[in-house]
Every structure is written in structure tokens, then in C-alpha cells.
Amino acid sequence: MSASQGRPAPPEATRVLIAEDDAERRKRLCETLRSAGYAVTEAVSGEAAITAYTADPVPVVLLNTELAGLGGVEVCRRIRSLDTALASYVLVYSRHDVLPPVLAALDAGADDYVLHPDNPVILRTRLTIAARRLAREDVRRVAEAEASSGRYLAGVGEMAIALQHEINNPLAAILAHAELMAMDAEDARQPNESLGTILEQARRIADIVRKLSSLRNPTSVEYVPGKRMVHLHDEG
């Protein structure tokens, strides 16, 4: 990867992978983008493009649909299989500005096409559109994550209320009877270890129900590798 010396690091959306097997055209495209402040990774073949993208899933891929060997359409398809979150923007073009391979790439998951990538103004315009689209997608993903978190919190709250309702009444009866039995055993000077265990565990359940009822900002902890649970703690 190369960027102009002394220039501040470009924004995330200006990192571009160029997949072009024609050396002269690749050089022109790289010069155009680097002069505009883009950080560019070069791939000389479809295979190299997949290797580069796997190592560093850049936000924008500029892809020739007619690469020799592993063609651009297949490269696009594989990038989409790697980019399950659709976080990258794939911009395609054809060697001679013909549409059939471009349309095939769009069917394979490309986001947009540019008919004259050697024109610096046109190329920069398409990449500006790509950056704006990526920014909107970031906003959408954040909003969806927040909405999902809100639904999760609401679900946890509803579950806590249900558990409190379903457990409290029978638990109160168990505690009351166990405490009466414990007092009778104490009066008779016949301590009952099993009864003490029942009381201890029932009080523990009561404490869990109390924590559930006051749960406001649930967090999760890993209790075994790969498994998480809601952390029940006293709310401050």
C-alpha cells in the first residue's frame, strides 16, 4: 500500500483496492487516486485481489470485470461471500467500456459501475458517491444495532417481571414454611441441617429475583468459553 508522503491518513472510505491486470492502466488509476488523497492497494490479478481483500477488507474495491485468469465477475462474487455485512462498496468497469460484463458483475453483487474510469473527474465522482453511500450504511447499521439493543433490553425487562411474578409467590410460601419449621426445630433443640440448606438456597433465589426486578442496564459476562449470561448485580 502506498500513500503520498506527508499527507494525513485518509478517511476510512478512501482506502481503495484496485484490481487491474493492465500495468499501464493500473498505474494511471493509482496515480489519479493517490493524487486525490486515496490510500491505494494494487492487485495485478483476480487471485491477488482476493488475497489482498481477505488480508485487508478495504471499504472500496475498483474492479476490472475482464481480468485474465480469475475474472472480475468471480472476484466480485467471492468478495461478496467474504463481505457478509456488505461493508465494502464494489465499483466495476470493463476494459473497453462495454456493458455485458458490467451487468454480469452487478448481478454478482457489485454496487455500481463506471464507464470511463480513466477520466479522473468521473472516477473521483463515483468514489465520492461510494463514500457517501458507505457513510449512510454506517449510520443505518448503528441505528439498527441500537434498535436491536432496545428490543433486547425490553425483552430482558419483560422476562424479569414474568420471573418475579411466577417465582415470588411459591418462593414466599417455601420461605415462610421453612422458617416456621426452623423455629420449631430450634425450640425442640433438634437442629436440622437439611432445613438450613433449604432456607439458605431459598433466600439466594429471593435475592436473584430481587436483582431481576431492579435490572435496568443489563450486561453480559462469559461464564464458560463461548457462552454468555446476563450479569445480575445490584444497580447503583
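Only the coordinates and a few stated rules stand behind these numbers; no lab work does. None of the values given here were measured: they were computed from a predicted structure. Positions of Cβ are generated from backbone atoms using ideal geometry, with glycine treated the same way; all protein chains shown enter the neighbour counts.
Among residues other than G109 whose Cβ falls under 14 Å from its Cβ, what is the net charge (Lys/Arg +1, Asp/Glu -1)?
My count for the surroundings of G109 gives -2.
Can you give the net charge of the other residues whose Cβ lies under 11 Å from the Cβ of L70, counting K and R as +1 and D and E as -1?
-1
Fewest to most neighbouring Cβ within 10 Å: what's the order for V102, V44?
V44, V102
Using a 7 Å offset from Cα along Cα-Cβ at E31, what residues in the stretch 86-128 end up with backbone N under 19 Å from the label point?
Under cut-off, by backbone N: 116-125.
Go ahead and run the numbers for FRET between T197 and R151, Cβ-Cβ distance against an R0 of 35 Å, rounding to 0.05.
0.30
Could you check the simple spin-label distance between S45 and D97, using points 7 Å along Cα→Cβ, in nm with one decimal?
Label-label distance for S45 and D97, simple model: 3.0 nm.
Is there a quick way to get the dipole size of the stretch 5-136? I mean about its Cα centre, with the Cβ of Lys and Arg at +1 and of Asp and Glu at -1; what is the value in debye to the nearest 20?
The calculation lands at about 500 debye.
As a footprinting exposure proxy, order D112, D97 by other Cβ within 10 Å, with the fewest listed first.
D97, D112
At 7 Å along the Cα-to-beta-carbon direction for both I161 and D112, put a label point, then send me their distance in nm to one decimal.
4.6 nm
With an 8 Å Cα cut-off and a minimum separation of 6 or more residues, compute the relative contact order for the stretch 19-66 in percent.
This gives 46 percent for the stretch 19-66.
Is the stretch 12-118 rounded, prolate or oblate when judged by the Cα gyration tensor, a ≥ b ≥ c being the square roots of its eigenvalues, rounded requiring a/c under 1.5 and prolate requiring a/b larger than b/c?
rounded
Please give the FRET efficiency for T84 paired with R228, using the beta carbon to beta carbon distance and R0 = 25 Å, rounded to the nearest 0.05.
0.70
Neighbour counts of other C-beta atoms within 10 Å: give me T84, T125, T65 arranged from fewest to most.
Ordered by Cβ neighbours within 10 Å, fewest first: T84, T125, T65.
Alpha carbon centre of the stretch 16-57 versus the stretch 75-110: separation in Å?
If you average the Cα positions of each part, the centres end up 15 Å apart.
Under the rule a/c < 1.5 gives rounded, and otherwise a/b versus b/c splits prolate from oblate, where does the stretch 74-143 land using the Cα gyration tensor?
Oblate, because a/c is 1.5 or more while a/b does not exceed b/c.
Would you calculate the separation in nanometres between label points at N169 and A131, each defined as 7 Å from the Cα along the Cα-to-beta-carbon direction?
Label-label distance for N169 and A131, simple model: 6.3 nm.
Rank-order 179-190, 127-138 by packing density, defined as the average count of other C-beta atoms within 10 Å over each peptide's residues, highest first.
Descending packing order for the listed peptides: 127-138, 179-190.
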